[in-house]
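Have a look at the structure below before the remarks.
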Amino acid sequence: MSQFPIGSRATEAMRVAKKQAASAGLYGIMAQFGSADALLHAAETVRDAGYKKFDVYSPFPIHGMDDAMGLKRSLLGWIVLSGGITGLLTAIGLQWYAALFDYPLITAGKPVTGFAAFIPFVPVAFELMILFSAFAAVGGMLMLNGLPAWYHPTLKRDSFARASDDGFFLVIEADDNRFDVDVTKRLLEDHGGRGIELLED
Amino acid sequence: MIDTTTDIRAGERAPLVLAHTGYHDVTEKVAGIVENKAPKWWLPAFLAAGGLATVCGGMICYLIATGVGVWGLNHPVGWAWDITNFVFWVGIGHAGTLISAILFLLRQKWRTSINRAAEAMTLFAVACAGIFPGIHVGRVWRAYYLAPIPNSNGIWPNFRSPLLWDVFAVGSYATVSLMFWYVGLIPDLATMRDRAKGKVRQIAYGFFALGWRGSNRQWRNYEMAYLLLAGLSTPLVLSVHTVVSFDFATSNVPGWHATIFPPYFVAGAVFGGFAMVLNLLIPLRKLFGLHALITNRHLENMAKVILAMCCIIGYAYSMEFFTAWYSGSPFEKFVFFNTRMHGWIAWAFWTMIFCNVVSPQLFWFKRFRQNPYTIFIVALFVNIGMWFERFVIIVSSLSRDFLISSWDQFHPTWVDILTFVGSFGVFLSLFLLFIRFVPMVAMSEVKGVIDVHPKASEPLHSEAMEVVK
């Protein structure tokens, strides 16, 4: 007991349970649900029970699931915004350097100084802004999602193949502070979870 | 199954896919196309398309080895089939982006059945489009001059030229379309991975699925990425054909120098692209029995888009004539009222009018826009008409510019013709490979809009699955 200086007896018990779970090489508990609605309600229940490290798996995004899981809005918009600004500045800088600074080439009597000199740069600036934003959107999405990741404990299960077909799954991770094999299992069972499996890490 | 999606019932929304289509049915139907043995027609079709593509490749080699003199270009017609084909193919691409991005932003859920194939069509059409400006420059091995790098005299490409804008616009468009398509594919590739039998398929689909597992923490970012890509693609696609039209509109050639060009070109692109989507999907729907997913309502909706676009470009055509007349410029008037209406190129002009303005008028009538056969034929006419539109714009104006002594006509050579015909081979072989190896309907998106009765089909399904196992 003395190795856990802070905390109540309950949290200590949880830590012990967690440690045991980790030593058993347990990733979490997986349960299957009958429909998107059932999964949504299960996620709400799990959220209200105080779990944080859990995730739901479905063949398509389920409307309202972010709220049901207590997730905040994705940060991707900010990444894309910074991508767009980078693209815009890159394009203006490139064109300014090439056409106004390094070798001012006068074509069709157009001005090479002042604001008017920048007007023909609009199309390229626009296109590069979009291009860089799109790169940021795809790269940022993969980064936030931790992809590519060709290994995950769920993917080892044959039953999990249905998650990309017509199955709805909920996994509570053993890392969660409230995780307890028996309690968590019962919670999932009580709320319609079927085919409950323990996932190895 | 009886298709009731075009029946109008008061107060009821038409179903997006046919009734009693469950999640698993969608997977089986769509993934089955890729997993099952290729249908009998596939290999002959692919060989024929591949043969045509080889012809295209041969013509390109001949052109590069000999020079652009093998085409029918002359002075003053320095742009003809090459640029016509470029604009034709780029324009076709636009429908794919319209369906995948603009209809997504407008919450048109019926798009989910057709967006994957339409986006693939975009990619392959843009690939075909890229061929022509690439090879028309003469010294192809100097194509890197298009990139923003200074030449040996320290001079950079001219950033005030719409031709350079075009490089950036089409380049960005191709890249963004590819990324948009791939992002849309990731969940479906995961489905293919989870169903794959055999090492090669498992590794290939597994690699490209990037380890996607459909968790909501992933979907959250994924949906945001998809929304943002749609939001980015929408102004992009409008800008691409706008910039393409700048290639013409910023010059002072009679018949090109018009401010109506950007919106007119964009509408024309959507028009031609939807026609190509219909020309591809109507046969595919029949060949693969996809009637439950691509319903009559999908076809009717696209026919309606074609009719709307037909009206817009009909208006644009008449506006061009009005502007030419109102400008009082003899050169402008001559190109429209003489060269195009009854000059040497009048046959092409009237073909264009018949195909683009007259034939889609059939779609005012329900029985024509609900019949796959008439839709297919009209769409074919529209494709022909849109090719002629670009041909008429480009060649008629160039052949009759300001100086009468330099007037000439254009006659294509066999190399012109075979390169263009061959580009269809490139397009079709890419498309045939696509339907063979990639799910051609966006399964995860269709599943998201299916109205599955939770009681009726779900438990039943699960039990059925257990029995199978």
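The values are calculated or read from the model by the stated rules, or taken from the named source; none is laboratory data. Predicted, not measured: the structure shown is a model, and the values here were computed from it. Note: ideal-geometry Cβ built from the backbone for every residue, glycine included; neighbour counts use all protein chains shown.
Some notes on this structure:
- Being surrounded by fewer than 23 Cβ atoms within 10 Å (Cβ to Cβ) and out of contact with any Pro (no Cβ under 7 Å at 6 or more places or on another chain) holds for only one residue in B:LEU210, B:LEU238, and it is B:LEU238.
- Here A:LEU131 meets the list (1) under 30 Å from B:GLY154 (Cα atoms); (2) more than 9 Å from chain B (Cβ to nearest Cβ) almost entirely, failing just condition (2).
- Taking the numbered list (1) farther than 22 Å from B:VAL243 by Cα; (2) of a type in the set (Phe, Trp, Tyr); (3) in a helix (DSSP H, G or I); (4) more than 9 Å from every other protein chain (Cβ to nearest Cβ) in turn, A:TYR97 passes all entries but (4).
- Answer from B:LYS333, B:LYS304, B:LYS286 - the residue that is out of contact with any Phe, Trp or Tyr (no Cβ under 8 Å at 6 or more places or on another chain), in a helix (DSSP H, G or I) and surrounded by fewer than 18 Cβ atoms within 10 Å (Cβ to Cβ): B:LYS286
- Condition check for B:GLY184: free of Cβ contacts under 8 Å to residues at least 60 places away in the same chain and within 26 Å of B:GLY32 (Cα to Cα): no
- Pairs where the first residue, in the range B:63-87, is within 14 Å of B:PRO412 (Cα to Cα) and the second is of a type in the set (Gly, Ala, Ser) and surrounded by 15 or more Cβ atoms within 10 Å (Cβ to Cβ), C-beta under 6 Å, 6+ apart: B:LEU73/B:ALA80; B:VAL77/B:SER399
- Residue check, B:ASP166 within 14 Å of chain A (Cβ to nearest Cβ), farther than 26 Å from A:SER133 by Cβ and acidic (Asp, Glu): no
- Residue within the range A:126-140 that is part of a loop (DSSP other than H, G, I, E, B) and not assigned by TED's automatic domain parsing to the domain that holds A:ASP48 present: no
- Qualifying positions in the range B:296-335 - over 26 Å from B:GLY273 (Cβ atoms) and hydrophobic (A, V, I, L, M, F, W, C): B:PHE322, B:ALA324, B:TRP325, B:PHE331, B:PHE334, B:VAL335
- The range A:27-62, residues that are surrounded by fewer than 24 Cβ atoms within 10 Å (Cβ to Cβ), within 8 Å of chain B (Cβ to nearest Cβ) and out of contact with any Ser or Thr (no Cβ under 9 Å at 6 or more places or on another chain): A:SER35, A:ASP37, A:ALA38, A:ILE62
- Residues being farther than 30 Å from B:GLY184 by Cα and among the charged types (D, E, K, R) - total across the range B:74-107: 1
- Residues of the range B:130-144 satisfying the condition of being over 26 Å from the mean Cα position of the chain (by Cα) and assigned to a loop (DSSP other than H, G, I, E, B): B:GLY138, B:ARG139
- Matching residues, the range A:100-123, being within 7 Å of chain B (Cβ to nearest Cβ) and in contact with a Ser or Thr (Cβ under 8 Å, 6 or more places away or on another chain): A:THR107, A:PRO123
- Within the range A:141-163, being among the hydrophobic types (A, V, I, L, M, F, W, C), more than 7 Å from every other protein chain (Cβ to nearest Cβ) and not in a helix (DSSP H, G or I) holds for no residue.
Let's see how each residue does on (1) more than 30 Å from B:PHE132 (Cα to Cα); (2) part of a helix (DSSP H, G or I):
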| position | (1), (2) |
| --- | --- |
| B:VAL30 | yes, yes |
| B:LYS40 | yes, no |
| B:THR54 | no, yes |
| B:VAL87 | no, yes |
| B:VAL90 | no, yes |
| B:GLY93 | no, yes |
| B:GLY96 | no, yes |
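- Which numbered condition A:SER74 fails, given (1) surrounded by fewer than 21 Cβ atoms within 10 Å (Cβ to Cβ); (2) facing chain B (nearest Cβ under 9 Å); (3) in a loop (DSSP other than H, G, I, E, B): (1)
- Residue check for A:ALA137: facing chain B (nearest Cβ under 7 Å), modelled with pLDDT of 90 or more and within 16 Å of the chain's Cα centre (by Cα): yes
- Any hit, the range A:168-176, residues being farther than 30 Å from B:PRO262 by Cα and surrounded by fewer than 19 Cβ atoms within 10 Å (Cβ to Cβ): yes
- Filter result (assigned to a helix (DSSP H, G or I) and either among the charged types (D, E, K, R) or surrounded by fewer than 24 Cβ atoms within 10 Å (Cβ to Cβ) (or both)) within the range B:105-123: B:LEU105, B:LYS109, B:TRP110, B:ARG111, B:ARG116, B:GLU119, B:ALA120, B:LEU123
- Test: B:MET309 is crowded, with 22+ Cβ neighbours inside 10 Å and in contact with an Asp or Glu (Cβ under 8 Å, 6 or more places away or on another chain): no
- Count of the range B:196-213 residues, restricted to those that are within 7 Å of chain A (Cβ to nearest Cβ) and either touching a residue at least 60 places away in the same chain (Cβ under 8 Å) or basic (Lys, Arg) (or both), is 1.
- Near pairs, Cβ below 9 angstrom, 6+ apart or cross-chain, from the range A:77-103 (under 15 Å from A:ILE119 (Cα atoms) and assigned by TED's automatic domain parsing to the domain that holds A:MET129) to any residue that is among the charged types (D, E, K, R) and assigned to a loop (DSSP other than H, G, I, E, B): A:ALA99/B:ARG160
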